[in-house]
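Enquirer: Okay, here's the structure, questions in a sec.
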């Protein structure tokens, strides 16, 4: 009898334990199912997001391609009037550039012609200046002679002539005491000198002149050996 009671008590305890464990397992199963459901929801949302991104990218690509196509079509379907205007503008610009080059070339040629003509006139005037200088040098070398009003007038005319030449950039070339320069001087003789270094100009036999940056006449000089 006692053994039966004991067996019943054990069976009761076992059933209680089973009844206690059953809700716990059910709760674990529910939690597991809940986690799985959440995971599936997240995966579904991520998939939808990726699909939306791909759709947007494809739409933007198609829009860009459509825009390029529209631009090409617009360029191809350009108004003939606009094309004609551009062509005429290009011609005008080319003609203006050609005219500007022609103007510059003409001005340069005119300047060169003027310079050649000016040099030619100056060359013809230089002998007159030489004669003035010789006459004034001879008059100044006569000692004890009273000052001649005629020579005073000649000197004034000479000074006036030189001033006017200087205004148009005609200047005498410096010679005595300078180093001999074949671009400016013409050596017609050499002299021995203990006072002057070799290669220096001792004497100027005829004045040379320059017009602007070009030589009109070289100086005729004597150079120390």
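No lab work stands behind these numbers, since they all come straight from the coordinates. All figures in this text were calculated on a predicted structure; none of them were measured in a lab. Counting neighbours? That spans all protein chains shown, and the Cβs are built from the backbone with ideal geometry, glycine included.
Enquirer: So what's the Cα pair-distance distribution over region 171-225, bin width 10 Å, in %?
Expert: The calculated distribution, bin by bin, is 30, 52, 16, 2.
Enquirer: Find how much the distance from residue 134 to residue 225 grows on full extension, using 0.36 nm per residue of separation minus their present alpha carbon separation; answer in nm with one decimal.
Expert: Stretched fully, the residue 134-residue 225 segment lengthens by 30.0 nm.
Enquirer: Using a Förster radius of 35 Å, what is the FRET efficiency between residue 87 and residue 112 based on their Cβ-Cβ separation? Nearest 0.05, please.
Expert: Plugging the Cβ-Cβ distance into 1/(1 + (r/R0)^6) gives 0.40.
Enquirer: Now for a separate question. R0 = 41 Å: FRET efficiency of residue 104 with residue 207, Cβ-based, nearest 0.05?
Expert: 0.65
Enquirer: Defining a contact as two alpha carbons under 8 Å apart and six or more residues distant in sequence, what relative contact order in percent does region 171-225 show? Spell out each step's value before the answer.
Expert: Details: 123 pairs, mean separation 25.4, N = 55.
With pairs under 8 Å counted, the relative contact order is 46 percent.
Enquirer: Now a separate question. Which ordering of 84, 178, 171 is given by a fewest-first count of other beta-carbon atoms within 10 Å? Show your work: numbers first, answer last.
Expert: Numbers: 84 10, 178 16, 171 13.
By the 10 Å Cβ count, ascending, the order reads 84, 171, 178.
Enquirer: Under a crude label model (7 Å from the Cα following the beta-carbon direction), how far is residue 121 from residue 179 in nanometres?
Expert: Roughly 3.7 nm, to one decimal.
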